[in-house]
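These notes concern the structure reproduced below.
The values are calculated or read from the model by the stated rules, or taken from the named source; none is laboratory data. Worth saying up front: this structure is predicted, and the values here are computed from it rather than measured. All Cβ positions, glycine included, derive from the backbone under ideal geometry; neighbour counts span all protein chains shown. Surface accessibility is based on the protein's heavy atoms, side chains included, excluding ligands, DNA and RNA. Shrake-Rupley method; radii C 1.70, N 1.55, O 1.52, S 1.80 Å.
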Amino acid sequence: MSAGFMNGSVNPSRIAPSILSADFARLDDEIAMCEAGGADWIHIDVMDGRFVPNLTFGAKVIETVRRLTKLPLDCHLMVVEPEKYFDDFVSAGASGITIHSEAAPHLHRQITRIRELGCRAGVALNPATPLSAASEIVPDLDLLLIMTVNPGFGGQQFIPYSLDKIRRARLLLDECGSDAVLEVDGGISRKTIGDCWRAGADAFVAGNAIFSSSDPKAEIGALRDQCAVSV
Ligand code: DX5
Ligand code: ZN
């Protein structure tokens, strides 16, 4: 085990293409490509133009994607008052709902509600938000999402010092005996994914890297291959 290699081979790597960067005119082909490329989850970025300065989609698109694939739908809510959407999103087919600590003052209540609905519950932390914002509720988490860009847009640059936060998040989960998934989102590419994996992340959202590739299907495999490299 090399210094700083915190993941070992214990956890599987999960690749979650973000359809934010997909071509919506041919969404069925894009989802089929993700499946053929071996994607583990489909990541759905819900933005409300309030929590983040961008608007995307809601329950109707989740329902459409649900019809197109059996892969788990990993729904990332970048919205204020996220609890307003839980019931509709679960009915539409969400498999996991991740909410931002910055938008959820009653995190415990909200996470509990997501789980009551039979959905995997996650908390996301913006780059400037300390890990302590989620540390008290680790036992109730199915997923912890470390944002490696400021949320709102695809195609941004990975923030390098996120790696230290990922390492500390891995320690936090391990210390609590948690088997929550440690996900990273933003600027994930062949250049950045290996370091995130070695820092302890085990789920990787990628939008631009996959959908802007000349061979998106192969890119999913190329990203996963980086997670097998242990130095
Ligand atoms: C950013 C979103 C991400 C985004 C990632 O606000 O949460 O999921 O789609 O896009 P890339 O991989 O292009 O940085
Ligand atoms: Zn996202």
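Tell me the mean residue ellipticity at 222 nm calculated for the chain from its helices only (DSSP H runs of n ≥ 4, each -39500 (n - 2.57), averaged over every residue, nearest 500). Let's see the in-between values first.
Values: 9 runs with 77 residues, N = 231.
Taken over the chain, the calculation gives -9000 deg cm²/dmol.
Please state the relative contact order of region 44-156 as a whole percent: Cα pairs under 8 Å, 6+ residues apart?
Working: 191 pairs, mean separation 25.7, N = 113.
With pairs under 8 Å counted, the relative contact order is 23 percent.
Looking at the chain, send over the antiparallel percent of its DSSP beta bridges, to the nearest 5.
Details: 1 of 33 bridges.
The antiparallel fraction comes to roughly 5 percent.
Quick one: work out Rg over Rh on the C-alpha atoms of the chain, Rh as Kirkwood radius.
On the way: Rg = 16.2 Å, Rh = 17.4 Å.
That ratio is 0.93, to two decimals.
Mind checking the per residue accessible area of the chain for me, 1.4 Å probe, whole number of Å²? Can you show the working numbers first?
Values: 10000 Å² over 231 residues.
Dividing the accessible area of the chain by its residue count gives 43 Å².
Show His43, His108 ordered by accessible area, largest first, where the area counts protein heavy atoms only and the probe is 1.4 Å.
Numbers: His43 0, His108 105 Å².
Accessible-area ranking of His43, His108, largest first: His108, His43.
Give, rounded to the nearest 20 debye, the magnitude of the charge dipole that the chain has about its Cα centre when Lys and Arg contribute +1 at Cβ and Asp and Glu contribute -1 at Cβ.
On the way: 21 positive and 30 negative charges, 45 e Å.
That gives the chain a dipole magnitude of about 220 debye.
What whole number of Å gives the distance from the Cα centroid of region 166-231 to the Cα centroid of region 65-143?
Their Cα centres are 19 Å away from one another.
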